[in-house]
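Reviewing the structure listed below.
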Amino acid sequence: MKDPNDDFEHGTPLLFGRVLDGRGGGRPITWEEAQDWSPQDPAEVLWLHLDRTRPGMQLWLEEKLSLPEPTAELLTGDQNRPRAFREGDTLVATLRGINFNPGAEPEDMISMQLWSDGQRLITLRRHPLQTPREVLAAIDHGQGPPDAGATITLLAELLITRMSQSIIDMNYVLDELEAQDPDQHAERMLHRISTIRRNCLALKRHMAPQHEALEQISRDAPMWFEGHDRREIAESIARLRRYLDDIDISKESAVVLQDELRARSLASSEHATYMLTIVAGIFLPLSFLTGLLGINVGGMPGMNDPDAFWTVAAICALLFVALIVVFRRLRWL
C-alpha cells in the first residue's frame, strides 16, 4: 500500500527527511545530502523517515550508522512486537499504532521502528502511518519538537492518542447496542459484540507490550534523552495505562451484554419449548380419546346414534376444561 504523501527520491527509501533546528522548525534534506550529513549547529538533529521494505535497507543501516547486524535486522524485519532497549548511547525501539488506512480494521496495527543516537533519528515503517506525518507538519509550521528525544516522545504520544479514538468508538457502539431492542436485533447485536470483543483482545495484546516498551524508554534511555522528555513519556505511560483499563471495562461490558442477550434468547427458546409441551400435554388425552373412537371395528358405541358426535364433543370439551384446571393447580400454566 502506498501513501499518496510519500515521495521516493529516484527509488530511494526516503519518505521524508528534516534537519531539526532546535527551535521547533526544520529544513528538508534529500537522500543524497543525508548520506554525508554533519550538524552545522550543535542543536541540529537529522530525522529520516524511511520505508524499511526497500532493497539494501539493512545493509545501509549497518554501513552508514555502524549498527550491529542483529539491530539492523530488528529495524528492518517483521518481528514487530513493541519493545525498546538501550544500546550504548543509542536508543532502539519498536512501537505500534492503529491502522487507519482504507479497508483496515481497528485491531490492525502498524509497527514503526526507530533508532537514535541523539543527533540522528531514523524511523522506519512498512505501511503508511499517519503519526510521523503529523509531527512533520508541526515541524514545517515551526511548532515541532526541538530535538530527538522530544520527537520520540511526541511520536509515542500521538500513537497512544490515536489508540484512544478506537476505544472511544467501541464504547460508543456498546452504548448504542445497550439502547437497542434485543428482541428485534439480537443476531446483529451478537455479531457486533463479538467484533468488539475481538478488537478489545487485539488492542490489549498490542498495547500491553507497548506499555512495557515506553517504561523501558523512560527508565533506561541514554543521557541525551532529557528530563522533560522522561516526564512526557511518563505521562504517556499513565495515559496508556488508563486506556488499558478502559479496554478491560469495554471487554467486560461486551461480555455482560452478550451474556444477557444469550440468556434472553435461551429463556425465549425454553419458554417456547415449555408451551409446546403444555399444548401436547393437553391434547394428548383428547387425541387418544378421538383416536380410540375412530377405530373401524365392530361394536363401537354410538355408531347408529345421531347424537353421538355431540356427546363425544361435549366429553372432549369437559376433558379440555378439566386438564386446564389441573395444569393451573399444578402451576404448569
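Any read-out appearing in this document is the output of simple, stated calculations on the displayed coordinates, not a laboratory observation. Since this is a predicted model, take the numbers as computed values, not measurements. Heads up, the Cβs are rebuilt from the backbone with ideal geometry, glycines too, and the neighbour counts pull from every protein chain shown.
General observations
- GNM flexibility winner over the chain from His127, His271, His211 (Cα, springs under 10 Å): His271
- Rg/Rh (Cα only; Kirkwood hydrodynamic radius) as it applies to the stretch 175-301: 1.51
- Between Gly142, Gly22, Gly281, the Gaussian network model of the chain with springs among Cα atoms under 10 angstrom shows the greatest mean-square fluctuation at Gly281.
- Longest stretch of the chain clear of exposed loop sites (chymotrypsin sites (Phe, Trp or Tyr not before Pro), DSSP loop, at most 14 other Cβ atoms within 10 Å, sites excluded): 9-331.
- For Ile233, the shell of other residues with beta-carbons less than 10 Å away shows a net charge of -2, using +1 for Lys and Arg and -1 for Asp and Glu.
- Two-decimal Rg to Rh for the chain - Kirkwood Rh, Cα set: 1.41
- Values of log10 I(q)/I(0) for the stretch 115-197 across q = 0.15 Å⁻¹ run -0.68, by the Debye formula with one identical scatterer at each alpha carbon and no solvent.
- Rounded, prolate or oblate (a/c below 1.5 giving rounded, otherwise prolate when a/b exceeds b/c) for the stretch 36-149 by Cα gyration tensor: oblate
- Other residues lying with their Cβ under 14 Å from the Cβ of His211 contribute a combined charge of +2, Lys and Arg counting +1, Asp and Glu -1.
- For the stretch 36-65, the list of GluC sites (Glu not before Pro) that fall in a loop by DSSP and count at most 16 other C-beta atoms within 10 angstrom is empty.
- Couplings for the stretch 198-203, taken from phi via the Karplus curve 6.51 cos²θ - 1.76 cosθ + 1.60 with θ = phi - 60°, read 5, 4, 4, 5, 5, 4 Hz in order; Gly and Pro are left as x.
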